[in-house]
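Notes follow once the structure below has been shown.
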């Protein structure tokens, strides 16, 4: 009897192996299914369900590895086996790697689709037996539900273990070229109408800008951009099905970041008289966010806040409720928006910090660049990077034997004014100004140059200046403005206003010197900082007496009005 059972099991196993081979290698023929079901049921009844499942998956793996995977990677072999110079030639080809990727994905997805049908055939046979066993209250191992997940895991494992090292690079090139193409469309349409960029993804009213752009060309641009996004979405979806979800997301994420960085560099340039940050933020909403919204919608990843299983409101709901051309954004899109904005702030900040020496030389004409830098630092909080970088630039480019004392002093004054705009507390000015003050104390002509700056009509600047408008007058105007501001802040404040002021109070930065009171840092006295270089105002007054005596003795007329005005200003300053 046992011999008959063994023969029956061997016979069923042999028939299963033959039918499995016929199904897996059937090239689209699924007619084996009806013949496979009773054989599978017999083997399951003998307790061989897990063996049936594992053997079938092994057959699929061998077929997938030897046929689809091998052919898939061979399509990228010319690039993988080429040198660095030859790879550049590949990248400049207009249709590469789009054509190769499309053809390779089409073939392997076709093979995978057929194998999934084979898996469903076996899953149906296993499920039929499990249902019958359950009705008869027989014990059966449930294998049907785990069959498809195991197959998907097998597919991704085979592909990832045979992945060429150059393939992530190919994906990066693909997404970079596609996003560049999309950005070119936006730039071209933006030249005709600023609203056109929102229409690129088919979400704005075409008739609103008929007067500025031809209808046919509008529809062409919109159609091309929609087709482009759909093609990218299809590639992303196919790679997801193959188990490349993380790699694909990393690739198009790095491409977006790369394009954003290029845009920041393009807009920033070396012109510090134009604000850049606003243009960068608008571009983020027009190109990357529009693209991501269209891509996530195509992939079905656009999830609203109310769709959460927990029923809790996302903290991201406090972000902007809508974007131009998008409407109410999903949580995924809001995360992207915060990520891209932070990267833009950080990139522009690093650019401006790297050129801060030149920006301060051009101050106040470069005030827009200073304002951009201030906003970036408020967002990133990387003030220490500014201090370290600028001190390094000062020591390398300014605090050298070849720089005149006048130039160093004027750069110091410009630094005070610029950093006062960035940090009104003066905390970072203390750190940046200390090396300059230490260096100037070692120069013999520092006192004389400071007195010349305070009394000379051109401020002692070799590049010239407005006659009769010396540095002392400018500093007194600054002092008056600060005093008026302090007066406005501390007088005639009712209880309600005092409460509002207390709510808006912010502590000093952690870099602040605890030995120096907060109040003393609130008011930055440029004249006091200049005098602190010398050590005491007595030395400056003595030098001024000598210089005034020489000027009076050298005068051939009695025109001393300007000298009297300077003397009175000095009295007011040191009173």
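Go through region 353-381 and give me each residue that's closer than 28 Å to residue 291 by Cα and touching a residue at least 60 places away in the same chain (Cβ under 8 Å).
372, 375, 376
Yes/no matrix, rows are residues, columns are (1) closer than 29 Å to residue 243 by Cα; (2) surrounded by fewer than 15 Cβ atoms within 10 Å (Cβ to Cβ); (3) touching a helix residue (DSSP H, G or I) at 6+ places or on another chain (Cβ under 6 Å); (4) modelled with pLDDT under 85:
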site: 123; (1), (2), (3), (4): yes, no, yes, no
site: 133; (1), (2), (3), (4): no, no, no, yes
site: 136; (1), (2), (3), (4): no, yes, no, yes
site: 144; (1), (2), (3), (4): yes, no, yes, yes
site: 153; (1), (2), (3), (4): yes, yes, no, no
site: 158; (1), (2), (3), (4): yes, no, yes, no
site: 161; (1), (2), (3), (4): yes, yes, no, no
site: 164; (1), (2), (3), (4): yes, yes, yes, no
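Tell me the residue from 395, 420, 339, 352 that is more than 27 Å from residue 260 (Cβ to Cβ) and at pLDDT 90 or above, please.
Just a single option satisfies the conditions, and that option is 395.
Residue 36 is checked against (1) more than 19 Å from residue 129 (Cα to Cα); (2) assigned to a helix (DSSP H, G or I) and fails just one. What number does that condition carry?
In the conditions (1) more than 19 Å from residue 129 (Cα to Cα); (2) assigned to a helix (DSSP H, G or I), residue 36 misses (1) alone.
Based on what the data block shows, is residue 140 outside any helix (DSSP H, G or I), in contact with a helix residue (DSSP H, G or I) (Cβ under 8 Å, 6 or more places away or on another chain), modelled with pLDDT under 90 and over 19 Å from residue 240 (Cβ atoms)? Give the steps one after another, and end with the answer.
Values: outside any helix (DSSP H, G or I): yes; in contact with a helix residue (DSSP H, G or I) (Cβ under 8 Å, 6 or more places away or on another chain): yes; modelled with pLDDT under 90: yes; over 19 Å from residue 240 (Cβ atoms): yes.
So residue 140 passes the test.
Just to be sure I understand, how many residues within region 405-427 are more than 22 Å from residue 365 (Cβ to Cβ) and assigned to a helix (DSSP H, G or I)?
2
From the set of residues in region 539-572 that are over 22 Å from residue 446 (Cα atoms) and under 56 Å from the mean Cα position of the chain (by Cα), which is surrounded by the fewest Cβ atoms within 10 Å (Cβ to Cβ)?
Step by step, filter region 539-572, then rank; the result is 568.
From 468, 460, grab the single residue that is at pLDDT below 90, part of a loop (DSSP other than H, G, I, E, B) and under 19 Å from residue 541 (Cβ atoms).
Answer to the check: 460.
Among the residues that make up region 512-535, is at least one of them at pLDDT 75 or above and in a loop (DSSP other than H, G, I, E, B)?
Within region 512-535, one or more residues are at pLDDT 75 or above and in a loop (DSSP other than H, G, I, E, B).
Return the pair list, or none, for Cβ contacts closer than 6 Å from residues in region 227-254 that are at positive phi to residues that are surrounded by fewer than 17 Cβ atoms within 10 Å (Cβ to Cβ), at least 6 apart or on different chains.
243/156
Output the residue which, of all residues in region 30-44 that are touching a helix residue (DSSP H, G or I) at 6+ places or on another chain (Cβ under 8 Å) and modelled with pLDDT under 85, is farthest from residue 13 (Cα to Cα). I'd like the intermediate steps shown before the answer.
First, pick out the residues of region 30-44 that are touching a helix residue (DSSP H, G or I) at 6+ places or on another chain (Cβ under 8 Å): 30, 32-33, 35-37, 39-44.
Going one step further and asking which of them are modelled with pLDDT under 85, we end up with 30, 32-33.
Working: 30: 20, 32: 15, 33: 16 Å.
Of everything passing the filter in region 30-44, 30 is farthest from residue 13 (Cα to Cα).
Could you list, in sequence order, the residues of region 352-367 that are surrounded by fewer than 20 Cβ atoms within 10 Å (Cβ to Cβ), touching a helix residue (DSSP H, G or I) at 6+ places or on another chain (Cβ under 9 Å) and either assigned to a helix (DSSP H, G or I) or on the phi > 0 side of the Ramachandran plot (or both)?
Hits for region 352-367 are 354, 357, 361, 367.
The values are calculated or read from the model by the stated rules, or taken from the named source; none is laboratory data. The model shown is predicted, which means the values in this text are computed figures rather than measured ones. Neighbour counts run over all protein chains shown; Cβ positions are idealised from the backbone, glycine included.
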